[in-house]
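Asks: If you scroll down you'll find the structure; I have some questions about it.
The values are calculated or read from the model by the stated rules, or taken from the named source; none is laboratory data. Model, not experiment: these values are computed from the prediction. Every residue, glycine among them, receives a Cβ derived from its backbone with ideal geometry; neighbour counts consider all protein chains shown.
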Amino acid sequence: MTTKILLTACNSYYSSGCAYNKGGTAVVTSTIDLLRKNIPDAEFITFIQLSDKFAADNNIKVIHNKLFVSKNYSLRTIIASTTNLFLAILWSITQKRLPRLAKLLVSNRLLKVYVDADIIIDLSMDHYSDDFGIVAVDEQSKDMLTGLFLKKPVIIWAQSIGPFREKLTKWLVKYTLKRVTMILLREKRSKEYFEELNIKHPAVYITADTAFTMEPATRERANEILAAEGIKITNRPLIGMTVGWTTLIKNAKKSFIINLLMSIFRLARLILPYQVFEMSKRIYMRSKIFNVTLFADIAEAVRIVDELIDKTNGTVLIISHVTEPLLDDRELAKAIIAKVHKPDRVFMLNGDYTAQELKAIIGLSDVFVGSKMHSNIAALSMNIPTIGIQYGHKFYGIMESLDQVKYVCDDFLSNEVVPKTIDALENSNKIKLTLSEKIIIIKSQANKNAELVADLISLNHTLQQPVTKRGK
């Protein structure tokens, strides 16, 4: 007998770029590995639009969407998710009295997958928050409620949730979280946001991000990649670095022009047909209007790189964790390298590599400066002193669990990043010792996610066993 596990993440249903986000793929990979170790008969299926190669490598079935007519958080997909929730509610009302009608109600392709699943695991990581807007919270809530009304166990899996500020958001979140089967939070600060909602729930646990357990590619493979890229590290320390749009557009968001462009983008995403939307994006990207420096504070990033090289006499390696065509971190890396004072001391990866390969390359660093949470997790899990550039409470929560909160920077500014990086280098041995002790605990907590789910499945199977009546 197999256990069918449906992995969901509503923000990835209608996005063809999931395989470009190495943090996301690290979470999916590690989640599948941990669940397989604890539930040997598990079969995985997902609506997340993963690449065919990734699906084959991880033995997961992807329900492909028709991306030529769909895009994430569009009017069409919002209507579709609302319709599916409504059908699930009707099913819950009619399943006993009108079973034939109930079966008809859940006959579309997506709902059939829900019905066929034994358990639903939501992998939305940190999207259940007002930081991503009411649409994101609304869509994730509908996603989970659809499964719940179809009488399926729904697990919030190793996530960072909150904050929830808006009245409507709070009501919707409370309604949903009261009903989910289990809530697994990857750090304590999310538990604090949960407690602010004043919800009584019997199954809330603090665990850890599963990506801590993902094995890197071999060191030989990492060196092969550097050789193929023409990168030769002659000056130590090697400072690994991820630079992302999320970090560098903070100041740019204050610009009226940037806010206007973002508003136009969201409106176009909502109402335009997919083909028209994609064509408009391509035209915009090819135009002279699209300039990486318009969106990001490149000057400060350049200053940080220059100062790190001058003060450590080391080398900087920029590792891109997101290679999605519209927001490719490699474009930021190129723009930074073009302006640094010593370009012969700054390298970047031009290729597109797996999460395991990037983790192996990160493992070559003496210290790591990361603006992507899962690049930091890759470094920390290999006992590398790490400076986190926060863009949400998850950075503080996760670094706090490793006694590294002093190395979190609120902004990507030289007066924050450079002193903390030098401090981390000077105290490298002490930090590595602390991490080596803490990571053992963190990996155990990450495995706890799968252990709790396995226990739940075992309990459900026991309850479903027929009761044998004994004669007197």
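Asks: Restricting to helices (runs of 4 or more DSSP H) lying wholly in the range 113-220: which have 1 or more residues that are under 17 Å from the mean Cα position of the chain (by Cα) and more than 20 Å from residue 393 (Cβ to Cβ)?
Replies: Because the criterion is at least 1 residues that are under 17 Å from the mean Cα position of the chain (by Cα) and more than 20 Å from residue 393 (Cβ to Cβ), the helices (runs of 4 or more DSSP H) in the range 113-220 that meet it are 134-149.
Asks: Could you please give the count of residues in the range 119-140 that are more than 17 Å from residue 48 (Cβ to Cβ) and buried (at least 24 other Cβ atoms within 10 Å of the Cβ)?
Replies: 2
Asks: Evaluate the range 173-181: report whether one residue or more is touching a strand residue (DSSP E or B) at 6+ places or on another chain (Cβ under 6 Å), closer than 18 Å to residue 374 by Cβ, outside the structural domain of residue 370 (by TED's automatic domain parsing) and modelled with pLDDT of 95 or more.
Replies: No, the conditions are met nowhere in the range 173-181.
Residue-wise test of (1) of a type in the set (Ser, Thr, Tyr); (2) not assigned by TED's automatic domain parsing to the domain that holds residue 390.
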| position | (1), (2) |
| --- | --- |
| 412 | no, no |
| 421 | yes, no |
| 429 | no, no |
| 442 | no, yes |
| 450 | no, yes |
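Asks: Would you mind listing the strands (runs of 3 or more DSSP E) fully within the range 1-68 where at least 3 residues are crowded, with 23+ Cβ neighbours inside 10 Å and at pLDDT 90 or above? Walk me through how you get there before you give the answer.
Replies: On the way: elements: 3-8, 42-46, 60-62.
Correct list: 3-8.
Asks: Restricting attention to the range 98-112, report how many residues are part of a helix (DSSP H, G or I), surrounded by 12 or more Cβ atoms within 10 Å (Cβ to Cβ) and free of Cβ contacts under 8 Å to residues at least 40 places away in the same chain.
Replies: So the answer is 7.
Asks: Kindly check whether there is at least one residue in the range 87-94 that is in contact with a Ser or Thr (Cβ under 6 Å, 6 or more places away or on another chain), buried (at least 18 other Cβ atoms within 10 Å of the Cβ) and farther than 13 Å from residue 10 by Cα.
Replies: yes
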